[in-house]
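> Handing you a structure now.
The values are calculated or read from the model by the stated rules, or taken from the named source; none is laboratory data. Here the structure is a predicted model, which means the values were calculated and not measured. Cβ placement follows ideal geometry from the backbone for every residue including glycine, while neighbour counts extend to all protein chains displayed. Heavy atoms of the whole protein, side chains included, go into the accessibility calculation; ligands, DNA and RNA do not. Shrake-Rupley method; radii C 1.70, N 1.55, O 1.52, S 1.80 Å.
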Amino acid sequence: MDMLSTQDYITLEEQYNAHNYKPLDVVITRGEGPWVWDVEGNKYLDCLSAYSAVNQGHCHPRIVQALVEQAPRLTLTSRAFRNDQLPLLAQELCELIGYEMMLPMNSGAEAVETALKAARKWGYTVKGVADDQAEIIACAGNFHGRTITIVSFSPEEQYRDGFGPFTPGFKLIPYGDMGAVERAITPNTVGFLVEPIQGEGGVVVPPEGYVRRVREICTEHNILMIADEIQTGLGRTGTLLACEHEGVRPDVVTLGKALSGGLYPVSAVLGSQEVLGVFQPGDHGSTFGGNPLACAVAREALRVIVEEELCERSVELGEYLLDRLREIRSPHVATCRGKGLFVGVVLKPEAGGARRFCEALQERGVLAKDTHETVIRLAPPLVITQEELDWALEQIREVLQI
Ligand SMILES: *Cc1c(COP(=O)(O)O)cnc(C)c1O
């Protein structure tokens, strides 16, 4: 048994691990449902859920069981051979979300890369765009991951600084602006990549009707609507896809994060036969993508979302959370926004940033993460109870007075 203190762990991490994050100084050793415990035995309510990867709660017993049953049986074949879990995940995921095909990867960024490759190849082989001319439109304020191609169209200066040269073929337009989408389209446009609610951008909910209008514009101009639902999907906003709030079915969807309930990196792209059918053997791949352990875990993670009615919980508790937050009188809060249990408390510019509030919440046993400097994101596991939410609200109410 290691007997290291919080400070010991921090010192080791700072010495031996690259400093590509600036985490809160809490060293977590155990999790259960919406709760986590640090190495000193302190208990915290997790209001980040690993950026919505643990929608089902930490170490969900059913998903753990699926992992424990599959792990000693078979973990990896590579796609050089077939395995008996991938076909079942493919069928269950496609039937659940309503798509013809899926392509499995591991991280969210890989799913986005896959969607971009699919859109480009669809553009050349189906739409008839001239070689190497394909354009993809994305939005200001986006977050789609950290590969060089993805940061090529990141609006965040820091994500790009020092990492050029970048991948061409992307165009940024303001988020939530329907006119801007139409103006940006050229005959070479193959896709519009959009988050139905921007997560890392600060839980930005677009104007009512935006997602529906985007769908219409994409259809009119024969371009693929690619919805990045890696954070918003799988129950977080109260539906399996956030696009469903406006009755919209995107051509291509990326999923990740909660697809495994946080037990394993699993991501996927969903689409039609026309789009994902562009991939021929050898065009694209991943050693671990679609491995049987990932698929067994994802299958159970999806069943938990459905059978524990996590979408319904998200709707009810999210509405409750937003109502209670809006009742809080605080000199620091500009507005509260969100959908389902995906909520941003937007602070006034003079509030001194969200980080100090997150640190104060940590002292009181609530873990939340500042996003975009001035937004406190509240996205607890969807298995949280109303009593637990009430307790978190008490802490938030007090912290917002400091
Ligand atoms: C987290 C996230 C990604 C990237 O996922 P990784 O697993 O970190 O690569 C992409 N898009 C959105 C919307 C995300 O929230």
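Condition check ((1) under 18 Å from LEU302 (Cβ atoms); (2) touching a Gly at 6+ places or on another chain (Cβ under 6 Å)) across all residues:
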{"site": "ASN20", "(1), (2)": "no, no"}
{"site": "ASP25", "(1), (2)": "no, no"}
{"site": "THR29", "(1), (2)": "no, no"}
{"site": "GLY33", "(1), (2)": "no, yes"}
{"site": "TRP37", "(1), (2)": "no, no"}
{"site": "ASP46", "(1), (2)": "no, no"}
{"site": "CYS59", "(1), (2)": "yes, yes"}
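> Please find, within the range 252-270, the residue that is nearest to TYR99 (Cα to Cα) out of those that are in a loop (DSSP other than H, G, I, E, B) and more than 12 Å from the ligand (Cβ to nearest atom).
Per the stated criteria, the residue is GLY261.
> Also: Within the range 19-77, track down each residue that is under 21 Å from GLU200 (Cβ atoms), among the charged types (D, E, K, R) and free of Cβ contacts under 8 Å to residues at least 40 places away in the same chain.
Matches in the range 19-77: LYS22 only.
> With respect to GLN56, is the statement that it is away from the ligand (no atom under 16 Å from the Cβ), closer than 30 Å to VAL248 by Cα and either open to solvent by less than 10 Å² (accessible area, probe 1.4 Å) or of a type in the set (Phe, Trp, Tyr) (or both) true?
yes
> Still on this structure: Six or more apart or on different chains, Cβ under 6 Å: which pairs go from a residue in the range 145-168 that's free of Cβ contacts under 8 Å to residues at least 24 places away in the same chain and of a type in the set (Ser, Thr, Tyr) to one that's within 14 Å of the ligand (Cβ to nearest atom) and outside any loop (DSSP other than H, G, I, E, B)? Could you list them?
TYR159/VAL151; THR167/THR149
> Testing VAL36 on (1) over 20 Å from GLU363 (Cα atoms); (2) of a type in the set (A, V, I, L, M); (3) in a strand (DSSP E or B), one condition comes back false. Which one is that?
(1) is the only condition that VAL36 fails.
> Additional query: Test GLU157 against the criterion of being under 24 Å from GLU274 (Cα atoms) and more than 16 Å from the ligand (Cβ to nearest atom), and give yes or no.
no
> Identify, please: which residue in the range 279-291 is of a type outside the set (Gly, Ala, Ser) and open to solvent by 10 Å² or more (accessible area, probe 1.4 Å) and is, among those, nearest to the ligand (Cβ to nearest atom)?
PHE288
> Determine if the range 160-176 includes at least one residue that is of a type in the set (Val, Ile, Thr) and touching a Cys at 6+ places or on another chain (Cβ under 9 Å).
Within the range 160-176 (the criterion being of a type in the set (Val, Ile, Thr) and touching a Cys at 6+ places or on another chain (Cβ under 9 Å)), the answer is yes, since at least one residue qualifies.
> For PRO34, are the conditions met, namely being surrounded by fewer than 19 Cβ atoms within 10 Å (Cβ to Cβ) and not hydrophobic (A, V, I, L, M, F, W, C)?
No.
> Taking the range 297-314 as the region of interest, how many residues are open to solvent by 30 Å² or more (accessible area, probe 1.4 Å) and under 28 Å from THR75 (Cα atoms)?
Result for the range 297-314: 5.
> Residues GLY141, GLY145, GLY201: which one is at positive phi, crowded, with 20+ Cβ neighbours inside 10 Å and within 16 Å of the ligand (Cβ to nearest atom)?
GLY145
> Of all residues being among the acidic types (Asp, Glu) and at pLDDT 95 or above in the range 360-402, which is nearest to LEU321 (Cα to Cα)? Just the residue, please.
ASP390
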